[in-house]
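To start, the structure under review is shown below, and the notes come after it.
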Amino acid sequence: MGAGAKDRRTRRTPEEVRALVLRAAHDLFTTQGYRGTKTREIADRARVAEPVIFRHFGSKAELFEISLLAPFTDFANAWAASWREDPLESVDEYEMTRTFVEGFYALASEHREVLHTLMAARAKDGDRALTEVADRVVEQLASLLTLIRTLLDEHASARGWDALDSPVTVAVAIGAILSVVVFDAWVFPAGQPRPGRDREIEELTQMLLRGVAHRPRPTAGDASAERG
């Protein structure tokens, strides 16, 4: 069998190439930032020719947009699907809230520098292509929040939470998580030890689920664990 036949047999499909480029772009953007990543580096990591990137994605900015949105979209869809059980009122509300906080916290942490880049771009930092991408990312993330609000409304109806304002609740939830992760230097005093990741996730969960005044009283074992 000739070399040409072997090459044809092992040639990657367009879908495989696209997936490889997205994975490489995501890894490099999250570790090196948007400006610190060259399309040549993405091509080398994905083992494709650099023009392939532009053929599949148009530009570095568009590739940045898609590689960022994909994990957030996957998380929102998977989380919503996992909590659409019947009957809804039997779902553990603590676990539902905790898995959301934990998953979104992890995404925000992984993409912390990328989120900083998007915020700077929306402040009109001079990079028109990136500013347009940032605007589109915000719009598409807003559509994911609609999915989360819809699920919350379904649970509110099943549980009799008549006073729940789902748009505000979801906005506060996302804002609280992003503040703790992305604006950590603003919300944690300098020179003082920062709470650990698990402590932050648990506190965010309790705040979103029960607020400040409506939490169950901790047992002696819980209290000792909190102090630790």
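Each reported figure results from applying straightforward, stated rules to the coordinates on display, with no laboratory input. Because the structure is a prediction, the values reported are computed rather than measured. Cβ placement follows ideal geometry from the backbone for every residue including glycine, while neighbour counts extend to all protein chains displayed.
General observations
- Within the listed set Ala190, Ala46, Ala78, the residue fluctuating most in the Gaussian network model of the chain (springs between alpha-carbon atoms under 10 angstrom) is Ala190.
- About the Cα centre, charge dipole magnitude for segment 91-191 (Lys/Arg +1, Asp/Glu -1 at Cβ), debye: 280
- Rounded to the nearest 20 debye, dipole of the chain from Cβ charges on Lys, Arg, Asp, Glu: 1160
- Exposed loop sites, defined as trypsin sites (Lys or Arg not before Pro) outside DSSP H, G, I, E and B with at most 16 other Cβ atoms within 10 Å, are absent from the longest region of the chain, namely 125-228.
- Among Val48, Ser82, Thr131 the positive-end extreme of the charge dipole of the chain (Cβ point charges): Val48
- Environment charge of Arg18, counting only residues whose C-beta is closer than 11 Å and scoring Lys/Arg +1, Asp/Glu -1: +1
- Relative contact order, whole percent, for the chain stands at 20, derived from Cα pairs under 8 Å and 6 or more residues apart.
- Dipole moment magnitude, nearest 20 debye, segment 44-90 about Cα centre, only Lys, Arg, Asp, Glu C-beta charged: 360
- Look at the dipole of the chain built from charges on Cβ: of Ile66, Leu115, Gly103, the Cα furthest out on the positive end belongs to Ile66.
- In the chain, the longest principal axis of the Cα atoms and the axis of helix 60-82 are about 40 degrees apart.
- Over segment 21-110, relative contact order from alpha-carbon pairs under 8 Å, at least 6 apart, %: 26
- Computed FRET value (nearest 0.05) for Ser90 with His214, which takes r as the C-beta separation and R₀ as 22 Å: 0.55
- Mean Cα-pair separation over length for segment 71-199, i.e. relative contact order, pairs under 8 Å, 6 or more apart, %: 32
- Reported label for calculated P(r) over Cα pairs in 10 Å bins from 0, in percent given [x] 7, 26, 28, 21, 12, 5, 1, 0; [y] 7, 25, 25, 23, 15, 5, 0; [z] 8, 31, 33, 21, 7, 1: [x]
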